[in-house]
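The values are calculated or read from the model by the stated rules, or taken from the named source; none is laboratory data. Computed from a predicted structure; not experimentally measured. Note that each Cβ is placed from the backbone with ideal geometry, even for glycine, and that neighbours are counted across all protein chains shown. With ligands, DNA and RNA removed, areas are computed over all heavy atoms of the protein, side chains included. Shrake-Rupley method; radii C 1.70, N 1.55, O 1.52, S 1.80 Å.
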Amino acid sequence: QVQFVESGGGLVQPGGSLRLSCAASGSISSIVWMGWFRQAPGNPRELVAAVSKFGESNYADAVKGRFAISRDSAKRMVFLQMNRLEPEDTALYYCNTSPAGSRAWGQGTQVTVSS
């Protein structure tokens with residue numbers, strides 16, 4: 001089964017940027033939709049962005065216009081460019097199939113937005 005390893009998180013000031021990467025252990029070419037999810041303490045995991053194998057993308061309202069998702073299926077990678085970060089973006093970020101996260105969850109990468 002495909003496993004995912006997320007990286008690229010860190011501590012950033014409000015207004016800053018980060019680029020998250022997700023490396024898959026196997027092919028993702030046949031997975032139509034891949035997504036980035038996040039979970040803040042005390043909150044359920046939520047889908048923030050998804051990208052199809054055909055290049056379509058969609059975003060949660062909270063991140064629309066600030067985040068950009070992309071994928072390179074040949075390299076088994078999914079990316080999330082996050083700009084104009086806000087304290088409310090602080091969470092553990094995961095990638096998985098969209099929308100239901102049907103594969104095993106990785107460890108995630110922590111994003112903390114704070115001054």
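Structure data summary
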quantity	calculated
Average accessible surface area per residue within the chain, 1.4 Å rolling probe, Å²	51 Å²
Accessible-area composition of segment 33-115, carbon plus sulfur, in percent [1.4 Å probe]	48 percent
Net lengthening on full extension, R66/Q81 (0.36 nm per residue, minus Cα-Cα)	4.6 nm
Separation in nanometres of the label points that stand 7 Å from Cα toward Cβ, at S73 and S21	2.1 nm
Cα-projected label distance for Q107 with L11, points at 7 Å along beta-carbon direction, nm	1.9 nm
Charge dipole (the chain, unit charges on Cβ, about Cα centre) - positive-most of G42, G15, S30	S30
